Structure formats: C-alpha cells, structure tokens
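S.K.: Have a look at this one before I ask anything.
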Amino acid sequence: MGSSLLTAVSGLESFNEWISTISNNIANAETTAYKSQSVSFADMLSESLSASAATSAGSGVTINSITTSWTQGGFSSTETSTDLAINGSGFFIVRDEDGTGMTYYTRSGEFDFDTNGNLVSSTGLAVQGYKINDDGSLSALGNIKVSYEASAPVATTEMSTNVSLNSELEENGTFSTSTTVYDSLGNSIPITIVYTKTANNNEWTWEASISDTYGTLEGDSSGTITFDTDGSLTAGTNPVFELTLTNGAATGQEVTWELYDTAGTTNGSLVQ
C-alpha cells in the first residue's frame, strides 16, 4: 500500500512541476528576451532481484529535465533608438561596474544611456563592446560610452546620390532629388538636382541648385549624362559644386558629387 501511495504522489509532484513550468511561460509572455521552458518526464523503475523485470512494477514518474528553448524569437519595434535585438546566436555582454564587478550575458536589449554617457541595461549594468581604433583594430572590451561634449562642425566635401531614372519618361519630363550637405557652421543645406529627359532615350540633362536663403551654387552646376543600353552611366568625371554662401559660413565651399571612381567608371549610384 505504501509503495502505491508513493507512486501516486510522484505523479502529482511531477504534474505540479509541469504546470508550474507552463505557468511561468505564460507569466513571462511579455518579458523581453524570455526563452520558454519545457519539461520531459522519466519513469521510475523498481529494483528486482529476479532476472526478469516482468514481475517488477514501476515506482512512478520523475522530472527528467527542464530545458530552455533557444530558438530565435520575434522582433518588436520601440520608440527608443538604443533598444537592440540579436538576430541569430549570441548574447549582449553587461558588467556590474558599481557592485560585484561580475560579467553577465543577456538576450535582452532594453538599453539606455546613464548620466555619465554609458550605455546601460534596464537594471543599470554597463553594456560592453569593442572600440574601433583609427587603424581599424579593436581595443580591449570595455564600456560603450558616448561623449556629450560638443563637436566642431565639419563642412561637407563629398556627396552621393542613389537614383534610378525612368527610361520611359517622355521627352522634357523631369525628376528631382535632394541631398543634404553641411557648411562650416554645421548648418544643413539641401542641394536639389533636377533631371530632364532629352529626345535621346539614353540622355538626360541635369541642374543643381540651393535655396537663395543660403546663397548660390556655382561651379559644375549643370551638365549632360548619358547611359548605356544596360542602364549604367557612361564614363565621365565627378562634378564639383561650389557653394557661394551668404549665411555667415565659409563661402566657396567645394562639394564633389561622387558618380565615378578614380578610373572614370560609374560607381553605380546613378542608373537609368
């Protein structure tokens, strides 16, 4: 009788553990980066002095293991630019800088900056990363810190566009695009380029300009571009704009429109 009761109790205990695991999965359904768990059972066999187990009854059931599913979860969008997610294998590395100094690993990417500019987890642990040196090498693993010090503005010297012009546009049809550059004071200046289709199916004219609010665009401010039958730009040279500015920034700023590589071959940024 006693063994029968123990067998029944083992079933109740194992079933309770299974229900607890399911309940924990449900409770953490909205927990960021939570990985669900599953239970596997194993039967308990009685010892037998005979050569055959045919006369030996089982002793119940036990929890064999509780395993965690490490399959890729879904992604969700947030309004915080520092929230991150890992696609595939791997963990974020975080460190307890103010306490034990221990290093931990997590799949949760709920990060933000603290008052010192360090990227930290929701529990205040410092996110670790490698700084890229000027020579391309990596520094030692350390805190990811963003300086709040003001940086001097740098005037734009090169710009690029990614444009695909419609070959079926009628003659004299136009298409325009705008790219932002920055002057010596850090002001943003939109450069507008208007493309006009000519009678030649593979030829367009273009004209670049800026608003009178900033000044005028001179230098290579207009030109003609021709495309091959595969839609790629024929050989040429990069136009150089000269911004004559009246907004207090350094005038005569030259900006190169990157269309070709050093050999004069198209870089693929402008196609038809």
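The values are calculated or read from the model by the stated rules, or taken from the named source; none is laboratory data. A quick note: this is a predicted structure, and the numbers were derived from the prediction, not measured. Cβ: placed from backbone, ideal geometry, glycine included. Neighbour counts: every protein chain shown.
S.K.: Select from segment 118-136 the residues that are assigned to a loop (DSSP other than H, G, I, E, B) and over 23 Å from Glu149 (Cβ atoms) and write down the one among them that is modelled with the highest pLDDT.
M.R.: Here the residue is Leu125.
S.K.: Still on this structure: Take the residues of segment 80-97 that are of a type in the set (S, T, N, Q) and touching an Asp or Glu at 6+ places or on another chain (Cβ under 9 Å): which is surrounded by the fewest Cβ atoms within 10 Å (Cβ to Cβ)? Lay out the reasoning, then the answer.
M.R.: Of segment 80-97, the ones of a type in the set (S, T, N, Q) are 80-82, 87, 89.
Subsequent filtering for residues that are touching an Asp or Glu at 6+ places or on another chain (Cβ under 9 Å) retains 80, 82.
Numbers: Thr80: 11, Thr82: 15.
By that ranking, first place goes to Thr80.
S.K.: Ok, one more. For Ser69, are the conditions met, namely being closer than 30 Å to Phe41 by Cβ and either among the hydroxyl-bearing types (Ser, Thr, Tyr) or modelled with pLDDT of 95 or more (or both)?
M.R.: Values: closer than 30 Å to Phe41 by Cβ: yes; either among the hydroxyl-bearing types (Ser, Thr, Tyr) or modelled with pLDDT of 95 or more (or both): yes.
Yes; evaluated as a whole, the condition is true for this residue.
S.K.: Restricting to segment 246-272, name every residue that is assigned to a strand (DSSP E or B) and within 22 Å of Tyr214 (Cα to Cα).
M.R.: Gln253, Glu254, Val255, Thr256, Trp257
S.K.: Then there is this: Looking only at segment 137-164, which residues are in contact with a strand residue (DSSP E or B) (Cβ under 6 Å, 6 or more places away or on another chain) and either at pLDDT 95 or above or surrounded by fewer than 13 Cβ atoms within 10 Å (Cβ to Cβ) (or both)?
M.R.: Hits for segment 137-164 are Leu141, Ala155, Thr156, Glu158, Met159, Val163, Ser164.
S.K.: Turning to a different aspect of this structure: Which pairs turn up if I take residues in segment 121-141 that are over 23 Å from Gly109 (Cα atoms) and look for partners that are at pLDDT 90 or above with beta carbon separation below 7 Å, at least 6 apart in sequence or on another chain?
M.R.: If the second residue must be at pLDDT 90 or above, the pairs left are Asn133/Ser139.
S.K.: Of the numbered conditions (1) modelled with pLDDT under 95; (2) crowded, with 18+ Cβ neighbours inside 10 Å; (3) of a type in the set (S, T, N, Q), Thr179 fails exactly one; give the number of that condition.
M.R.: Single failed check for Thr179: (1).
S.K.: Could you list, in sequence order, the residues of segment 182-218 that are on the phi > 0 side of the Ramachandran plot and surrounded by 15 or more Cβ atoms within 10 Å (Cβ to Cβ)?
M.R.: If the condition is that a residue be on the phi > 0 side of the Ramachandran plot and surrounded by 15 or more Cβ atoms within 10 Å (Cβ to Cβ), then Gly215 is the only one that fits.
S.K.: Right, something else. Could you tell me which numbered condition Gly124 fails, if it satisfies all but one of (1) touching a strand residue (DSSP E or B) at 6+ places or on another chain (Cβ under 8 Å); (2) surrounded by 13 or more Cβ atoms within 10 Å (Cβ to Cβ)?
M.R.: Only one criterion in (1) touching a strand residue (DSSP E or B) at 6+ places or on another chain (Cβ under 8 Å); (2) surrounded by 13 or more Cβ atoms within 10 Å (Cβ to Cβ) is unmet by Gly124, namely (1).
S.K.: Among all residue pairs at least 6 apart or on different chains, which show Cβ distances below 7 Å where the first residue, located in segment 250-272, is on the phi > 0 side of the Ramachandran plot and the second is β-branched (Val, Ile, Thr) and in a loop (DSSP other than H, G, I, E, B)?
M.R.: Gly264/Thr237
S.K.: Whether any residue in segment 171-191 is among the charged types (D, E, K, R), in the same structural domain as Tyr260 (by TED's automatic domain parsing), farther than 30 Å from Arg95 by Cβ and part of a loop (DSSP other than H, G, I, E, B) is what I want to check.
M.R.: yes
S.K.: I need every pair where a residue in segment 198-212 that is without any contact (Cβ under 8 Å) to a residue 24 or more places away in the chain has its Cβ under 6 Å from the Cβ of a residue that is among the hydrophobic types (A, V, I, L, M, F, W, C), sequence separation at least 6 or different chains.
M.R.: Partner pairs satisfying both residue conditions: Trp206/Ile193; Glu207/Val194; Ser209/Leu217.
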